[in-house]
Structure formats: C-alpha cells, structure tokens
1. For the range 283-296, does any single residue satisfy the condition of being free of Cβ contacts under 8 Å to residues at least 40 places away in the same chain, crowded, with 18+ Cβ neighbours inside 10 Å and on the phi < 0 side of the Ramachandran plot?
2. Restrict the check to the range 314-333 and report whether at least one residue is surrounded by fewer than 19 Cβ atoms within 10 Å (Cβ to Cβ) and over 21 Å from the mean Cα position of the chain (by Cα).
3. Among the numbered criteria (1) part of a helix (DSSP H, G or I); (2) over 16 Å from VAL237 (Cβ atoms); (3) within 21 Å of the chain's Cα centre (by Cα); (4) among the aliphatic types (A, V, I, L, M), which single criterion is violated by ALA24?
4. Where residues in the range 215-244 are small (Gly, Ala, Ser) and open to solvent by 40 Å² or more (accessible area, probe 1.4 Å), which of them is farthest from the chain's Cα centre (by Cα)?
5. Please work out if GLY452 is surrounded by 12 or more Cβ atoms within 10 Å (Cβ to Cβ), part of a loop (DSSP other than H, G, I, E, B) and more than 24 Å from the chain's Cα centre (by Cα).
6. Return yes or no: is LEU125 open to solvent by 10 Å² or more (accessible area, probe 1.4 Å) and either farther than 20 Å from ILE421 by Cβ or of a type in the set (A, V, I, L, M) (or both)?
7. Which of (1) assigned to a helix (DSSP H, G or I); (2) in contact (Cβ under 8 Å) with a residue 24 or more places away in the chain is the odd one out, the single condition LEU157 does not satisfy?
8. From LEU408, LEU459, grab the single residue that is in a helix (DSSP H, G or I) and either open to solvent by less than 60 Å² (accessible area, probe 1.4 Å) or touching a strand residue (DSSP E or B) at 6+ places or on another chain (Cβ under 8 Å) (or both).
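The values are calculated or read from the model by the stated rules, or taken from the named source; none is laboratory data. Quick caveat, the model's predicted, so the values are computed rather than measured. Please note: Cβ atoms are built from the backbone with ideal geometry, for glycine as well, and neighbour counts cover all protein chains shown. Only protein heavy atoms, including side chains, enter the accessible area calculation; ligands, DNA and RNA are left aside. Shrake-Rupley method; radii C 1.70, N 1.55, O 1.52, S 1.80 Å.
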Amino acid sequence: MSTEAWALIAAIITMAVMSAAGIAYTRARRQTIEDFVSARGSIGGMTAMATMAASLLGAWILFSPAEAATWAGVAALIGYGIGQAAPIVAFTVVGPRMRKLAPNGHSLSEFVWQRYGRAMYLLTLLIIVLYMFTFLAAEMGAIARAVGHVAGARLELTLVLVGVATLAYTVYGGLRASIFTDNIQFAIIIPLLIAVLIAALAHFGGWTAAFDTVREENAALLDVTQLHGIEFGLTLVIAILAANLFHQGLWQRVYAAKTDGDIWRGFLSAGAIVVPLIIAAGLFGLWAVSSGLVNDDQPASIALFSLALEVLPGWALVVLVALALVLVMSSMDTLLNGMASVFTTDLSRIRGGRGLLRSTRLITAFLIIPAAVVGYAFDSVLYLFLIADLVCAGAMVPVFAGMWSRHLSGMGAVTGAVAGIIVGALFFPKPDLSGWWTWEGLTSVWHILASGNLLASFLLAVVTSSVITALFVSAARQRGGAGFQLEALAEEIRPLESEA
C-alpha cells in the first residue's frame, strides 16, 4: 500500500477516534446550556494548561510560522513565539479582572454590551466573529490543502470529512466535550511534532548540518539582527496579542477555570509549552527555502508539507498527517463552540432560556458551511489572519480600558476603535505584501511609515486608538462625575437559564 493511502487512512482514523471520544464523554453527563457554553468552574490548573495549549496549537502552526520564516527568517519565528505568549500572559491579568467584574459572565461581547452600550457592542461582536470565522476558515482550508498535498485527497473531500468529524462531538457536547478532547489532543501533539522534527533533522544530518544548508542558500534568514525580520517579529507580537484577546474560545476557558490561581498556573504553563513548539514548526520553512521548495507551484504557506514530501520517510508522513488532523480539530472545536456561545448570550437576552441549547447546537452546525467555502477559496493562511488581526489591534485598547477606567464612554470607545482601524488600514499591504501608494515625506521621517508596511499598520492602529481613548478619558475626568459604576456589572450579567 502506498504512503499516500496510509496517510489518508491515518487521517480518517484520527478524525473518527477524536469524534467518538468526545461523544462518549458527553453521553455520560447531563447537559445544560451553562455546561455547553461555559463549563463554569470545572477545570483545575493542569486541565487549564492542556486545553489552553491545545486550543492555541491549531493546524496553523504547521503553516503560518513556516510561511513567516520564508519571509523574515529566525527573527520572525522569535516574534511569533513571543507574540503567542503575550496574550497568554495578558489573560492572567484581564481574565481574573473579568471574573471579578462579571462572575456570571460568558463572553467579552456580553461585557461590552453592559459597559459601553449598543454601538460598541455591535463593533466588538463584528470583530470577534470576523476573527474567529477567519481563523476557522483558514484552519479548514489549510488542512484540506495539506492532506491533499500529502495524501492526494480532493480538497472538497477533506473539508467535508474534517467538518463532519469535528461537528459530531462539538454540536453534541459543547465546551465540556471540547475541553475533554483537548486533553487527549495535547497528549498527542507534542510527541508527534517531536517525531517529525527528529525525522527531518536525521535527513539533513543533524542540527548543525540542517542550518548549514540554510546558511548556504540564504544566510540572512538566520540573522536575528536583520531589520526586516525584527520589524516583522514585532508586528506578529502586536497582531497575535490583539487577536487572541478577542478569541471567545479562550474567554470560555477563563470562566471554566476553578480559581484565578488555576488561570495563572494553567495559562502560563501553556505559554511555556507553546512558544518552543511554534519556533520548531517554523524551522521547516527555513529548510524548505534551503531545499528550493518555495516557488510558484509550492507556495510558502505549505512549506512544511512540501519539505516533508521530499525528505521524510513514509512513516513520518503518516505521522504528520495525523498530527495535522489532531491540531485542526483541537482548534476547530474551540472556534465553533466559541462563536456559538457569543450568539447564545445574545439569544438569551432576546428570548430568555427557551430552546437555547437546541439553538446553540444549530448555530454551531451552520457556521461550518460558510467557513468551508471561504477556506476553499483562499490559500494564504497568514494573510487571512493579518486582516482580522489588524481589526482586533485597532479595538484592543478601547475595549479593555473600560475594565479599569470608569470614565471611558461608549462613544469614546467606538471613536478610538474605528479611528485606529482606519489609520491602520491605510498602511495595510496588498495580498502580495506590496503597498497601495507612496509618500516619500512620511518615509523620510521614519522608514516604516510606508504603504504596505505591516509594522506601521499595526503600530499606528494601536497608537491612534490609545491616544483617542486617553483623550476621551481625560475630558470625562475634567467634567467631573462618578463615571460608570463597574460594580453594577456583577448584577447585570447573569447566568443563562439552565436547560436539559
């Protein structure tokens, strides 16, 4: 039997086992809408670590870090690792704060509704859904192309299989099923990735020899001091921090933790694990460049898989396909359940608790269809992420400033967020990362102030929104008054009505 056939069999078995495990776990437990959406206070530090790491380690780590490495080398990989650690650290601050302000809460959008009002809520809801939907579509498209590249499976077939397998236990079990399968996936991900890495190093003749080939082909990729790489690394830090703060799946895990201490221990441990794995996965991008495997026919987004087909033995290719499927299911169930939970909190305001569990399951199932269509149409994972990340960066400061400041109004938050997004968009690049316009007067002031410069786009989005937010807060303080009563949030945000 060919390697491609074994790889396809491994993919089908992996999806079936994960789906069956999630369903079997859920069948043994009575399910309420609160269980489905928040699993409140149900996990300790070790489980928090596993579910956080598995949720963050989607199939994107087999695509985006390697793609970034082909552009900007080791410096970009370091930035990617630090960037992924940044939101985990941030959640140890904003997570306990949110639990204190809204102990019965479920989502960031729920907080924004009560804190800022309708306009900022609608903007935040749009941002959350845009980011998570983009993440979901990118994951589905990426895994379908990867399995097709390695196992020869049709793109449509892989999309259907992975979508159905993930939906089977996510629709049935909700957040509790997602957290349970995360524990299994976490235990599998690390050894599988290490096995693939060792197989690649063995082909190149060891660690030193593997980097000698990169140095011969493009030594600049190994230079951690190159300006382009540092700038791109800083961009990733801002982008990933901002985006993950709007990740509803991670907010669900904040509320699922038993105590604030479990958040600290679990999340920080997850960060320590995730960072080296991201850097390790990104090394395949460097080796793909040194092997001449990044070209028009083999785009940078599948650099790891292009290299795998050339250098890995058959057993390692089968392991890689299984790893990719485990990764994508670990993030897809989080994303699907996260988006569904956002809509559920809205439904609860409109119609109370009637039929919420059934409605949430239907929403979860529906979301997979447009995500599969978008994933089919777009093949650049990193560019899709960057679009959503920019929107998150512009809104980050206005949204979270209201957790501490009583004087930031809804109008101030909306103005700051919209202005930040617009200014950032003016510098955002085309899909080929080139600029839309030229203005030598700006670049003479600072070289990054050019159309198409990602660092300028993200940095100006954050700075603009921060300055406007600060101006509104300062003006409100000068006018006097008590400002918003943060203590009222605990009473206004209540548990969803339980339902069998």
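1. Yes, because at least one residue in the range 283-296 is free of Cβ contacts under 8 Å to residues at least 40 places away in the same chain, crowded, with 18+ Cβ neighbours inside 10 Å and on the phi < 0 side of the Ramachandran plot.
2. Checking the range 314-333: at least one residue is surrounded by fewer than 19 Cβ atoms within 10 Å (Cβ to Cβ) and over 21 Å from the mean Cα position of the chain (by Cα).
3. Here ALA24 meets the rest and fails (3).
4. For the range 215-244, the residue satisfying everything is ALA219.
5. no
6. Yes.
7. Just one mismatch for LEU157, condition (2).
8. Checking each option against the conditions leaves just LEU459.
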